[in-house]
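What follows is one structure encoded as structure tokens, with my remarks underneath.
Every read-out reported here was derived from the displayed coordinates using simple, explicitly stated rules and does not represent laboratory data. All figures in this text were calculated on a predicted structure; none of them were measured in a lab. Cβ placement follows ideal geometry from the backbone for every residue including glycine, while neighbour counts extend to all protein chains displayed.
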Amino acid sequence: MNAKLSIQGLKLTTTIGAYPWEQHIEQTILVDVDLWLDITKAAESDDLTHALDYAALAQLLQETVKGQKYKLLEALAAFLNKQIIKYYPQITAGKLTVHKPGALVNAKDVAVEVSW
């Protein structure tokens, strides 16, 4: 049985920005993740060891960006994507969106979305 697991609005703190002043401050970014995988074994067993542990996934994403520096949202999105694929091979497809709220004065949000 295939299913979609979603995490919406995960807050991560990292140094991100192309402008010199941004390379010296930490900013909050938001991450949305949609992951498709087979949940048959987890659904039948009702056992976390057979499921994708979304708390562990959130922790991985938080630890991945902690202390790192990125200039572009594209680079950060691609790196997070690679980490998910590396540590969660049971995922058959996914979509990850990295949001940088407040990046533009006249816009609510700026985001980059990658899918695989």
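Summarised as an ellipsoid, region 2-115 has semi-axes of 30, 13, 11 Å, derived from the eigenvalues of the Cα gyration tensor scaled by 5 and square-rooted, with the largest first.
Only one residue of THR15, SER45, VAL31 has its Cα farthest out toward the positive end of the dipole of region 7-53, where Lys and Arg carry +1 and Asp and Glu -1 on Cβ, and that residue is THR15.
Charged neighbours of VAL65, selected by a Cβ distance under 13 Å, balance to +3 (K, R count +1; D, E count -1).
Remark: relative contact order (region 23-116) = 37 percent; criterion is Cα-Cα distance under 8 angstrom and separation of 6 or more residues.
Helix 73-87: angle to the longest alpha-carbon principal axis of the chain, degrees 0 to 90, nearest 10? Approximately 20 degrees, to the nearest 10. Listing TYR54, TYR19 from fewest to most neighbouring C-beta atoms within 10 Å gives TYR19, TYR54.
For LYS66 and ASP38, what is the calculated FRET efficiency with R₀ set at 22 Å and r taken between the beta-carbons, to the nearest 0.05? Intermediate values should be presented prior to the final figure.
Details: r = 31 Å, r/R0 = 1.40.
After rounding to 0.05, the efficiency reads 0.10.
Candidates VAL98, TRP116, LEU72 compared by Cα position along the dipole of the chain: farthest toward the positive end lies LEU72, with charges placed on Cβ. For a straight C-alpha distance cut-off of 23 angstrom, the lysines reachable from LYS4 (same-chain residues fewer than eight places away being disregarded) are LYS41, LYS82, LYS86, LYS95.
Relative to the Cα centre, the charge distribution of the chain, modelled as +1 at Lys and Arg Cβ and -1 at Asp and Glu Cβ, gives a dipole magnitude of about 420 debye. What is the distance in Å between the Cα centroid of region 84-116 and that of region 16-72? Centre-to-centre distance over Cα atoms comes out at 10 Å.
Extension gain, TYR19 to ASP46: 0.36 nm times the residue separation minus the Cα-Cα distance gives 4.9 nm.
Once both axes come from the Cα atoms, what is the angle between helix 54-65 and the longest principal axis of the chain, in degrees from 0 to 90, rounded to 10? That works out to roughly 30 degrees.
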